[in-house]
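Readers should treat all values here as calculations from the given coordinates under stated rules, not as data from a laboratory. All figures in this text were calculated on a predicted structure; none of them were measured in a lab. So basically every Cβ, Gly included, is an ideal-geometry build from the backbone, and we count neighbours across all protein chains shown.
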Amino acid sequence: MSADTNGANIEKLVNLSDSLEDNGQPVAIILAAGHGKRIKSERSKMLHEIWGVTTVVRVAESAAKGLESENQVIIVGIKANEVAETAGKAQHRIFVLQKEQKGTGDAAREALNALTGYKNIDDLFILPGDMGLITAEVIAAFKNGFKVSKCGMKILTGIYHGDPSGNTYGRIIRVPAKDKDGHNSGDDYAKVIEIKEHKDILAIPDGYCYIVDYNERSYSFSKDQLLKIDEYNTGIYAVKYNYLKKHIGDITSDNVQGELYLTDIISIFNKNGIAVGADPVDDDNAVIGFNVKSVLKEMDGIYRKKVYEQLRDIIVIEDEDNFFIADEVVEQILALDKQFPSLDIYLQKGVHLSKGVKLNRGVSIWTNTNIRGNVEIGEGTIIQDNVSIRTYPHQQLYIGNNCIIMRGDIIKGNLRIGDNTRIESGVNMTGSDEYPTVIGNNVTIKGTTYIFGCVIEDDLFIEHSVLKCKKVERTVKKDGAIQPVRWVMPQPQGLDIISDL
């Protein structure tokens, strides 16, 4: 198998790729090639998570929903194989390798090369892979705005709140009210001239004016004026394929970074009579990108607040700043809310519910309990503090109705617990693929008990026992009581290597 200089396995990228649907549907180009040095991690920036989902996956999912198109080109570079494998093989998704990180213009050029041979490509939507809060709604609105604008290119912009000079994003330079000679700009007023990167603005000598031409007129900006522009480039673009393909070669690396900026295409389009528009985003949070861990944490907090606001009037979340409920679980709760007049689900501080967890009405989960995997919890069941419940992705775990799982218990694997069963503190239960564990109805298990791969019938009482691959039968004694199980221990092993000191 061949690999490039960054160690990317070319065959693997090919195997993970599909072909686009060549029917005029929009194509999302997701820029996920950068490593992100400032994030200070061996892991690619694109593989850091926002609310339990890697940022590149969040962008890809929002793009597919917002554009109503599965057509995607994901540009990978540093850690290419890991990023591609995490995003995964999907219908009408292509992975393209950017061998050297020479800027967004170079990444766009690599994407265009991958589109050669398709005859019906029209609209391209370019999105940064680190923008993990972008929503399908924002993308859909941007798509509709591009469609009605009749522009050759559209930029999604943000408005910087606070001192604009502290903003490190590229500034949107629009036509001012007057040109450099003092004449009114007329119909050109507020049209987008170009995007000027922050570092290039800082490189302008103090006291000099930046002169730029638009529609055969010249406009002058001081360095301070440029720094104080509060409208910034989010890095999300819509562009007509044929225009970008024709002019991508006109981009040069004549800038402080020595890179090919995709933003330079704007002035190139303007010089060639191709209209460029820009619309500010309604939700500033949706266009946050991250380079450092503190911003990543801030984004996670924003997502947590969003989830809390969705659920706060449906279920009780005791601590809005300390919980995790995966997106799929949120959707399941919202679906339950439509089905029933009340849910009475109660989650205490620090509860973690991963993808695959399914709740039912009346469930109460106490402090710092962690539930991961394909776990369904029946109606009226109480799971107390510091319980750990988990499965591997292919396994199923079911806890019946009106059960109590008490403090500190560990329950994992292929396992089924019947209704009205009580698992007291100190119990560890596991079911494997070969030996699933099945616990009946009305069972009580207590004490320091370990159960693996067992079948335990209804109504039994088990205390201080170690049971491995056993069947425990419900047996009624002569007095009508059910025989309990206590102090069942396996034969010791290794006594021959133990001696007194």
If I take R0 = 25 Å and measure r between the Cβ atoms of TYR210 and ASN272 in this structure, what FRET efficiency does the formula 1/(1 + (r/R0)^6) give, to the nearest 0.05? 0.70
Just subtract the alpha-carbon distance of TYR435 and ASN15 from 0.36 nm times their residue separation and send over the number in nm, one decimal. 147.6 nm
Treating only the Cβ atoms of Lys and Arg (+1) and Asp and Glu (-1) as charged, compute the dipole magnitude of the chain about its Cα centre; round to the nearest 20 debye. 520 debye
Name the residues of segment 35-55 whose amide N is less than 13 Å from a point 7 angstrom out from the Cα of PHE324 along the C-beta direction? 49-54
Under the Karplus curve 6.51 cos²θ - 1.76 cosθ + 1.60, θ = phi - 60°, whole-Hz ³J(HN,Hα) for segment 403-413, x wherever Gly or Pro sits: 8, 10, 10, 8, 3, x, 5, 10, 10, 8, x
extent check for segment 118-261: Cα max minus min per principal axis, descending, whole Å, gives 48, 33, 29
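So, by mean Cβ neighbours within 10 angstrom, what's the order for 345-355, 55-65, 268-278 with the highest one leading? Let's see the in-between values first.
Values: 345-355: 19.4, 55-65: 22.5, 268-278: 17.5.
Result, highest mean first: 55-65, 345-355, 268-278.
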Sorted by average packing, counted as other Cβ atoms within 10 angstrom per residue and highest first, what order do 460-468, 485-493, 66-74, 250-258 take? 66-74, 460-468, 250-258, 485-493
At 7 Å along the Cα-to-beta-carbon direction for both ALA203 and ASP337, put a label point, then send me their distance in nm to one decimal. 5.1 nm
Could you point to the label whose value was computed as Rg and Dmax of the Cα atoms in Å for the structure here, given [x] 29.6, 109; [y] 24.0, 74; [z] 25.8, 84? [x]
Relative contact order of segment 312-497, please, whole-number percent, based on alpha carbon pairs below 8 angstrom and at least 6 residues apart. 11 percent
Taking Cα atoms, how many degrees apart are the long axis of helix 327-339 and the longest axis of the chain, rounded to 10 and kept between 0 and 90? 70 degrees
Could you tell me the center-to-center distance, by alpha carbons, between segment 456-484 and segment 37-55 in angstrom? 50 Å
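Any chance you could run the full-extension gain for GLU82 through ALA140? It's 0.36 nm times the residue separation minus the Cα-Cα distance, nm to one decimal. Present the calculation step by step, with values, prior to reporting the outcome.
Details: separation 58, 0.36 × 58 = 20.88 nm, distance 2.89 nm.
Separation in residues times 0.36 nm, less the Cα-Cα distance, equals 18.0 nm.
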Explain nothing, just the number: relative contact order of the chain, from Cα pairs under 8 Å at least 6 residues apart, as a whole percent. 9 percent
VAL466 versus VAL148: modelled label distance in nm, points set 7 Å from Cα along the beta carbon direction: 7.2 nm
Segment 174-232 and segment 294-358: distance between their alpha carbon centers, rounded to Å: 46 Å
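Which order do the peptides 144-152, 203-211 take when ranked by the mean count of other beta-carbon atoms within 10 Å per residue, highest first?
Details: 144-152: 15.3, 203-211: 10.7.
Descending mean neighbour count gives 144-152, 203-211.
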How big is the gap, in Å, between the Cα center of segment 375-450 and the Cα center of segment 76-147? 44 Å
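Which pairs break 29 Å Cα to Cα here: LYS306/LYS355; LYS199/LYS293; LYS338/LYS446; LYS245/LYS297; LYS306/LYS446? If you can, show how the numbers build up before the last one.
Values: LYS306/LYS355 17 Å; LYS199/LYS293 22 Å; LYS338/LYS446 38 Å; LYS245/LYS297 38 Å; LYS306/LYS446 40 Å.
Checking Cα-Cα distances, LYS338/LYS446; LYS245/LYS297; LYS306/LYS446 exceed 29 Å.
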Placing +1 on each Lys and Arg Cβ and -1 on each Asp and Glu Cβ in segment 14-95, then taking the dipole about the Cα centre, the residue among VAL27, SER44, ALA60 whose Cα reaches farthest towards the positive end is SER44
